[in-house]
Amino acid sequence: MDAVFFAQLLFNGLAIGLIYALIAVGLALVYGVLRIVNFAHGEFLMLGAYAMALVTPVLGLLYLPSLAVAMAITALLGVVMFELLFARLKETDFERSILVTTGLSIILLHGVQWIFSASGRMVDTEFGFAGVEIGDIRITATRLAAGVVALGAFLALWLILTRTQFGRAMRAISQNREAALMVGIPPRKVARNAMMLACGLCGLAGAALAPVYLVQPIMGQALLFKAFALVIIGGLGHLQGAAIAAVILGVVESLAGGFLTIVWQEAIVFVAMILVLLLRPQGLFATRIRVG
Amino acid sequence: MGALDRLTGPLVAAGIAAAIALPFWAPSPYAVYVAINAALFTVAAMSLNLVYGFAGLLSFAQLGFWGIGAYVAAIGVKDLGLPIIPAFLLAGAVCAVVAAGVGHAALRLNRHSFVVVSIAFTLLVLTLARDWTEVTRGALGIPGLGLPRPFGLTPPGDSYYVALAFSLPALGLLLVIARSRVGRTLLAIRQDESLARSHGIAPRAYRLFAFVVAAALTGIAGAIFVFHLTIVDPLILDIYYMQTFLIMVILGGMGSFWGVVVAGILMSILPEALRFSNDLRMILYGLLLILAVTFMPYGFAGWLKARRGEVWRRATPATRLPAGDA
Amino acid sequence: MSAPLLKADGLCKSYAGVHAVAEVSFSLVEGTITAMIGPNGSGKSTTVDLVTGFQAADAGMVSLDGRALTGLAPEQIARSGLMRTFQQVRVYDTLAIEENLLTAAQETDGTGWLDALLRSRRFRAADSAARARAAELLDLVGLARMAQAPAGVLSYGQKKLVALAGALMPRPRLVILDEPVAGVNPTRVLEVEAIIRRLHQAGQSFLIIEHNVDFVMRLSQRVIVLDQGRKIADGTPEEVRANEAVLEAYLGTEAEPADA
Ligand SMILES: Nc1ncnc2c1ncn2[C@@H]1O[C@H](COP(=O)(O)OP(=O)(O)OP(=O)(O)O)[C@@H](O)[C@H]1O
Ligand SMILES: [Mg+2]
């Protein structure tokens, strides 16, 4: 096996795995705090990518500022959606929450498709198609940037969850709702923050993916199902589990893509999920948000 | 009881007569084409209603069965050389057996886990459709399917009668179940599982029954649908179908038979009649879904029923216990 | 003395170290009304759940007519002739009141699913018998005129009566009522009392969980008292009234000093 080729696949896989992790972690966070399986989560990724596509030319192709604006937009949208739709749902309305988020997903997806058409678009940034050379390995700058941005986002998330009042409140609610309410943690505010954070992370992932992938209305849906699988593998509501599973998946997919037929690359995650479901269905719902 | 109840019989008879005569009064072949979709989608929506509206299981596995039925029938005809009717029956049988296995395991889980497992199941079916190329031919799909043409009518007249010959008996079967004690028991379980158990009812057996019947009917509907399309490929597992069935159930009214039948037919026809683009139609569906779930959780039929409940509430003020006047 | 109708032996249940029910044993005689009383949180509802299979006991045995119920599912226990109601009133809101009652008796009427789907002769016979029984019970609880109304429209007290009638539908060997008159106003308590008395005269056996001490003392032949998960007294109403432990544990916390 060619070591350089292998290392290149590994790097690519890590970058994509980190992006997967951002999506999966948001999904797990919303489940942990709101007890909602957010079927519209993938659409926030797509919105982040479209925001990036629209903002970059305006900001003169500058990468980081565009990314920040895209993230802010999706985070804000998350808050709006929370206030409009999610805040009305009760904790016992599990099926209803799925229906509402399904409806939201349909509207966002087809709304964007209606406005921008179903065809894909490429997003250009200041990096263009430049590559970075690390020894003999060559990796495109946008991919490297995506990986670095995702790593930074994780660091920030970890700090938020462990060091800030509002992060600790989220963990408290997801761990023991009754107790958290008893000590006066306002559930609505925490839920709103969780949605903001989750949608912001997901939008960031979409924005970082935009220069790497084709930007299309359906891009979120394909990744969402992968994220579902990852969250199941990691244990629903278990942030670390989802993140680790995501990074591993990115790497495995990338390596498999290098050595196996393309089709099986996509199947890996679902096969893994089925195995997890078969082997430890009881571990499916570790409902706590664990970060340490 | 109400005027609507007395009218149901004649209305249904008129509806069936109109449906049977449809190819002769439809304005265009396209209208017949839409009617085929309506017939098959209504069965799929009603099956979902049996599982979700009656048994209380939000099952995304319905989409998986829709796809399994489609593939089994196509493979049965193309690769196994089966005649078309046995291939459809095989599709139903395979779905029933798979549903029995999946349901047996998944119905032990709690509500949350059940939903997720049903999604996982459908994703696995999708993966197989895409990647098990030796059998499913992957993304290319299996082309060259077609429904028989016994009457030699203008297309798609014959296909319409094939669809109808399945849909009417299937809906009849679902109506019998819905109106029977089994249907009532499913509603009881959905509303209060503990109370049902205290009455000696084993919820899992009833739910498994609903799950299996719904899977078989949805599988056959999916099979006829792809033979009508003439090709089966992984797009048959597009989440779009599941969303459509769900919206029909929610708007028609969970746990209501006629509500969902009417919603199934109207929602197949209306967007075509209004000539909406697909995107606009889906946006509208999404809005309706959210509005219905938020403001009318039991759909149109549920709203009607609630109004009847109001009549009783007014007739007997709840503050007085009518024990004394017996 | 005849064999007991229900026998509970050494029932235990704890939640994270809290002994909700500890070593509770009792037996009930056929044809009697037995009451179980005790302060809030003394383990009464938990005991009912253990006896009827809604929760698994950590230890202990239960038998009905000498047949072990331990380890059976709630629905199996219900079918073997032990019916219960819930402290939090439960009815099927969208089903008509008559349907609520029919649903409560359907699993033991000797007909199967196929009978029900095909409306066989056997099914029709069982169905009309069940409807007659439902009419009789609705008459007894005074809801006959409402038979076709959805149960959701009823008041709290009326729902309790529907739940009571439901539990009686299959002519069970024993009915356990968890707080049948909690939250029901005093005049209606008397009506419920009359209903239970009528049923008892017809031979029905009851175990009644209640906080309303006057109500159970008037109705029952025997009173069991729980406190902090333990049985502290078991005897005739008079014996229990005179029992010091009961005065201290129960009346002492609940009512004003009983020596007035
Ligand atoms: N699911 C549970 N988890 C933890 N503790 C419980 C649970 N159910 C009951 N308990 C505890 O067990 C004890 C007994 O509760 P139980 O409901 O049996 O009392 P009770 O006598 O019926 O009270 P009440 O008169 O208020 O109905 C209480 O201390 C209660 O807090
Ligand atoms: Mg209690």
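Looking at the square roots a ≥ b ≥ c of the eigenvalues of the Cα gyration tensor of region A:2-279, which shape do they give, rounded for a/c under 1.5, prolate if a/b is larger than b/c, or oblate?
Working: a/c = 1.63, a/b = 1.38, b/c = 1.18.
Judged from the Cα gyration tensor, region A:2-279 comes out prolate (a/c at least 1.5, a/b above b/c).
Computed over chain A with a Gaussian network model linking Cα atoms closer than 10 Å, the most mobile of A:A242, A:A53, A:A205 is A:A53.
For region A:2-279, the fraction of 1.4 Å probe accessible surface lying on carbon and sulfur atoms is 71 percent. Surface exposure of the protein assembly as shown, expressed per residue as accessible area with a 1.4 Å probe, stands at 41 Å².
Among beta bridges from DSSP that stay inside chain C, the antiparallel ones total about 55%.
For the chain pair A and B, the buried solvent-accessible surface (1.4 Å probe, both sides summed) amounts to about 3400 Å².
Output the antiparallel fraction of DSSP beta bridges having both residues in the protein assembly as shown, as a percent to the nearest 5.
Working: 27 of 43 bridges.
Within the protein assembly as shown, antiparallel bridges account for around 65 percent of the total.
Shape class for the protein assembly as shown, computed from the alpha carbon gyration tensor (a ≥ b ≥ c): oblate, with a/c not under 1.5 and a/b at or below b/c.
Comparing the full protein assembly with the isolated chain, the residues of region B:114-134 losing at least 20 square angstrom of accessible surface (1.4 Å probe) are B:V115, B:V116, B:V117, B:I119, B:A120, B:L123, B:L124, B:T127, B:R130, B:D131.
Ordering C:33-41, B:253-261, A:91-99, C:97-105 by mean Cβ neighbour count within 10 Å, with the highest value first, yields C:97-105, B:253-261, C:33-41, A:91-99.
If R0 equals 35 Å, the separation of the Cβ atoms of C:R131 and B:Y240 corresponds to a calculated FRET efficiency of about 0.15.
Extension gain A:F129-A:L159, at 0.36 nm per residue separation less the Cα-Cα distance, in nm? The partial results should precede the final answer.
Details: separation 30, 0.36 × 30 = 10.80 nm, distance 3.31 nm.
Difference between extended and current length: 7.5 nm.
With a cut-off of 17 Å, note down the residues of region C:73-93 whose backbone N falls inside the zone around a label point 7 Å from the Cα of B:R108 toward its beta carbon. Counting only backbone N, you get C:73. Residues of region B:52-69 buried by at least 30 Å² of accessible area upon assembly of all protein chains, compared with the chain on its own (1.4 Å probe): B:Y52, B:L58, B:F60.
Quick one: putting +1 on the C-beta of Lys and Arg, -1 on the C-beta of Asp and Glu, what dipole do you get for chain C around its Cα centre, in Debye to the nearest 20? Walk me through the numbers before you get to the answer.
Details: 26 positive and 31 negative charges, 228 e Å.
Once rounded to the nearest 20, the dipole reads 1100 debye.
Label zone of A:S119 (point 7 Å out along Cα→Cβ, amide N under 19 Å): in region A:41-58 this covers A:50, A:53-54. Considering only alpha-carbon pairs that sit under 8 angstrom and 6 or more positions apart, the relative contact order computed for chain B is 30 percent.
Using only helices, what value at 222 nm comes out for chain A when you add -39,500 (n - 2.57) per DSSP H run of length 4 or more and divide by the total residues, to the nearest 500 deg cm²/dmol?
Details: 11 runs with 213 residues, N = 292.
The per-residue figure over chain A is -25000 deg cm²/dmol.
The simple Förster model, with R0 at 60 Å and r as the Cβ-Cβ distance, assigns B:L7 and A:L76 a FRET efficiency of 0.70. Short-range pairs are left out: with C-alpha atoms under 8 Å and at least six residues apart, the relative contact order of chain C is 26 percent.
Springs join every pair of Cα atoms under 10 Å in this Gaussian network model of chain A, and among A:N176, A:N12, A:N38 the largest mean-square fluctuation is at A:N176. Compared with the dominant Cα axis of chain C, that is its longest principal axis, helix C:186-201 is turned about 70°.
Taking a straight Cα-Cα cut-off under 21 Å and skipping sequence neighbours fewer than 8 places away in the same chain, the lysines within cross-link reach of C:K159 are B:K305. Largest GNM mean-square fluctuation across B:E272, B:E134, B:E193, computed for chain B with C-alpha springs under 10 Å, falls on B:E134. Using the membrane-span-like helix rule (whole DSSP H runs, Cα extent along the own axis of at least 24 Å, mean Kyte-Doolittle hydropathy at least -0.5), which helices of chain A qualify? Span-like helices, by this rule, are A:3-34, A:41-58, A:63-84, A:94-116, A:141-163, A:187-209, A:239-259, A:262-279. So if R0 is 45 Å, what FRET efficiency would C:R241 and B:A14 give, r being the distance between their Cβ atoms, rounded to the nearest 0.05? The value I calculate is 0.05. Centre-to-centre separation between the Cα atoms of region C:65-127 and those of region B:1-66: 32 Å.
Against the main long axis of the alpha-carbon atoms of chain B, helix B:257-273 sits at an angle near 50°.
With a ≥ b ≥ c the root eigenvalues of the C-alpha gyration tensor of region B:3-318, is it rounded (a/c under 1.5), prolate (a/b larger than b/c) or oblate?
The shape class here is oblate.
Of the residues in region C:48-82, those shielded by at least 20 Å² of accessible area once partner protein chains are present, compared with the chain alone at a 1.4 Å probe, are C:F54, C:P74, C:E75, C:A78, C:R79.
Using only protein heavy atoms and a 1.4 Å probe, how much accessible area in total is buried between C and B, to the nearest 100 Å²?
On the way: alone 13120 and 16680 Å², together 26040 Å².
By this definition, chains C and B bury close to 3800 Å².
Expressed as a whole percent, the accessible area of region B:24-179 that falls on carbon and sulfur atoms is 72 (1.4 Å probe). For chain B, the longest principal axis of the Cα atoms and the long axis of helix B:157-179 meet at an angle of about 30 degrees. Only helical runs count toward this figure. For chain B, summing -39,500 (n - 2.57) over DSSP H runs of n ≥ 4 and dividing by all residues gives -25000 deg cm²/dmol at 222 nm.
Length gained on full extension, C:N40 to C:A194, computed as 0.36 nm times the residue gap minus the Cα-Cα distance: 52.8 nm.
Taken along the Cα-to-beta-carbon direction at a fixed 7 Å, the label points for B:S277 and C:C12 span 7.1 nm. Entry note, region C:92-153: relative contact order of 63 percent, from Cα contacts under 8 Å with a spacing of 6+ residues.
The values are calculated or read from the model by the stated rules, or taken from the named source; none is laboratory data. A quick note: this is a predicted structure, and the numbers were derived from the prediction, not measured. Every residue, glycine among them, receives a Cβ derived from its backbone with ideal geometry; neighbour counts consider all protein chains shown. To get the accessible areas, we keep the full protein, side chains included, count just its heavy atoms, and leave off ligands, DNA and RNA. Shrake-Rupley method; radii C 1.70, N 1.55, O 1.52, S 1.80 Å.
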